[in-house]
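What follows draws every value from the coordinates through simple rules; no lab data is involved. What you see is a predicted model, and the numbers here were worked out from it, not measured in a lab. Note that we place each Cβ from the backbone using ideal geometry, even for glycine, and neighbour counts take in every protein chain shown.
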Amino acid sequence: MSQTILKKEEKVAFALRALYRKYGYLPYNMSKFEPYDLYSSNKDFLVGDGVITFNDAFGKLLALKPDVTLSIIKNAGGENCKVYYHENVYRISGATKEFKELMQVGLERIGEKGVYALYETAYLAAASLNEISTDFVLDISHLGILSATLEALGEDAAFQKRIMQKIAEKNVHETLALCQSRNVDEEKTNALLSLVKTYGDMQTVLKKLAPLCESGKAKEAYEELKAVCALLEKTEYANKIRIDFSVVNDMKYYNGLVFKGFVGGVCEGVLSGGQYDRLMARMGRKTGAIGFAVYLDLLENLQENKREYDIDLLVLYDDDTGPALLAATVEKAIGEGKSVSAQKEKGNLRFFETLDLTGRKEI
Amino acid sequence: MINVALPKGRLGEKVYATFERAGYECPAIKEVNRKLVFENAEKGVRYFWVKPSDVSIYVERGAADIGVCGKDILAEYSPDVYELLDLKTGVCRMAVAAKKDFYDDRASTLKVATKFVNIAKNYYAGKGREIDVIHLNGSIELAPILGLSDVIVDIVETGTTLKENDLDVVETIMPISARLIANKASFKFKTAEIEKLTEKVGALID
């Protein structure tokens, strides 16, 4: 009867923090603002444009943080660290073009490289989605395979970027048209098109992918993806993890494994992340890193957040109602675990049930 | 059940006819009334008519799983959706047009009148040309005639309107046609249904 006080996103946030803790991640608290320089020099890493800036007492330009990962890389000491965070960030939201405060939970694993680190992060991404809803899909991709295929085209960076965009759109016809406009040879074009068209469960895709990744960097990336998938295949989430190359994070920062997660009932991805060794290198760090964030604000759209009424019980009374009776009634209902409001008039709120005490002096 | 947003008007009707041939008919859609939503539960499809420029919004926000939308709208608003098919109908092009005697001496800022502000900005940014964009909502052809702008960026189908107003196409920016788009999240959860529809409709396009 009584409605839970925690909203869906709050429950999820607690569950995720407990999950990350179990895998040895430590909480990471950070300051609300950072020097603006940090963001201006890594502008493309940010999801959206726009940073809220202001001057501190000494005139230095600061920013309300639009992103957590950059702060963690900058501030986390040591070569190895595993941290999780639960923070608000401030950025322009896609649809409304207005600044919004967004709640994120996520983790970063800095240091250790190798198959186990990749697998555990991907597994935790799937487990995170499972905390939100059992109806989820985790898409994974390997940018190493993508970049090897793109480099094989032998075209300039601007062209590769346009192709990447088409791959993100699963746009077969325009990928083909672009290749034809540059007279890319048929074999390379077909290899590219198969990447656009290939998606689905891990085993099927890996099988189809094998002939495309027979040498060099592509083979290396393929073997890594295969090893990670072999481990994921043994987990309880195996049938909810798919390989899909339309997950393309910016290659200036990301390399290797990347992922994006979806849950039923939310119209966009609620989880996003990947391996960002290149960002680490740009920030002068020698180690690799991988991480992801869950966008909790998007969970507002989930149907289970919609409530049918605001308060369990409305107790109506008037000037004739005995105060002792009223107090006892309210206490009793609260004792039963209900939320109660005693009012003289019904007002606009929605109540599950109503108890009319008007004119009654005693029990 | 797949929710399909179709653009109101001739293009939408033509595309619906293709969907019908592909086995996704919904007879109720042909009844003359003011209903906006039509469903055929047996075929697992629900259609609704929306303003053409709104299709991408319905799809991006997941109110529709898939939709049919002009490339002009996709290029202008860059919605975060999958573009699954070129339906090769509603074919036209996005072009720069100007008065017949127009000559671009590149000495001053180019005044560009258009409904498609982002397309115009991106196109000229790619050429390194500084422009002054004038956003109009209709009768774009009037702008160069009255000296409001030097050129216009607009959709050209046959070129008749341009000709009648003494305007000529100067450059083509991109070819335009109707595209089948899909919401990214819907695609994850209704993969088989959407793939099947895409394949069947795709087979009917030459």
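Just for segment A:194-216: of the residues that are within 14 Å of chain B (Cβ to nearest Cβ) and in contact with a helix residue (DSSP H, G or I) (Cβ under 6 Å, 6 or more places away or on another chain), which one is nearest to B:Lys190 (Cα to Cα)? If we take residues in segment A:194-216 being within 14 Å of chain B (Cβ to nearest Cβ) and in contact with a helix residue (DSSP H, G or I) (Cβ under 6 Å, 6 or more places away or on another chain), then A:Thr198 is nearest to B:Lys190 (Cα to Cα). One residue stands out in segment A:270-311 among those that are under 24 Å from A:Phe14 (Cβ atoms) and charged (D, E, K, R): the one that is farthest from the chain's Cα centre (by Cα), namely A:Asp310. Every condition in (1) within 11 Å of chain B (Cβ to nearest Cβ); (2) part of a helix (DSSP H, G or I) holds for A:Thr149 except the one numbered (1). With segment B:135-206 as the region, which strands (runs of 3 or more DSSP E) entirely inside it contain at least 2 residues that are within 14 Å of chain A (Cβ to nearest Cβ) and either over 17 Å from the mean Cα position of the chain (by Cα) or of a type in the set (A, V, I, L, M, F, W, C) (or both)? Output list reads B:167-176, B:178-183. Checking each residue in segment B:81-116 for being more than 14 Å from chain A (Cβ to nearest Cβ), part of a loop (DSSP other than H, G, I, E, B) and polar (S, T, N, Q) picks out B:Ser108, B:Thr109.
Within segment B:135-151, the presence of a residue that is out of contact with any Ser or Thr (no Cβ under 6 Å at 6 or more places or on another chain), surrounded by fewer than 12 Cβ atoms within 10 Å (Cβ to Cβ) and among the charged types (D, E, K, R) is excluded. Restricting to segment A:171-192, name every residue that is away from chain B (no Cβ under 14 Å) and either aliphatic (A, V, I, L, M) or part of a loop (DSSP other than H, G, I, E, B) (or both). Across segment A:171-192, the qualifying residues are A:Arg182, A:Asn183, A:Val184, A:Asp185, A:Ala191, A:Leu192. Take the conditions (1) assigned to a loop (DSSP other than H, G, I, E, B); (2) within 25 Å of the chain's Cα centre (by Cα); A:Asn348 misses just one of them, which is (2).
Between B:Ala64, B:Ala95, B:Ala113, B:Ala75, the distinction of being closer than 28 Å to A:Thr175 by Cβ and crowded, with 23+ Cβ neighbours inside 10 Å belongs to B:Ala64 only.
Looking only at residues in segment B:30-61 that are of a type outside the set (Lys, Arg), under 23 Å from B:Val153 (Cβ atoms) and more than 9 Å from chain A (Cβ to nearest Cβ), the one that is surrounded by the fewest Cβ atoms within 10 Å (Cβ to Cβ) is B:Ser53.
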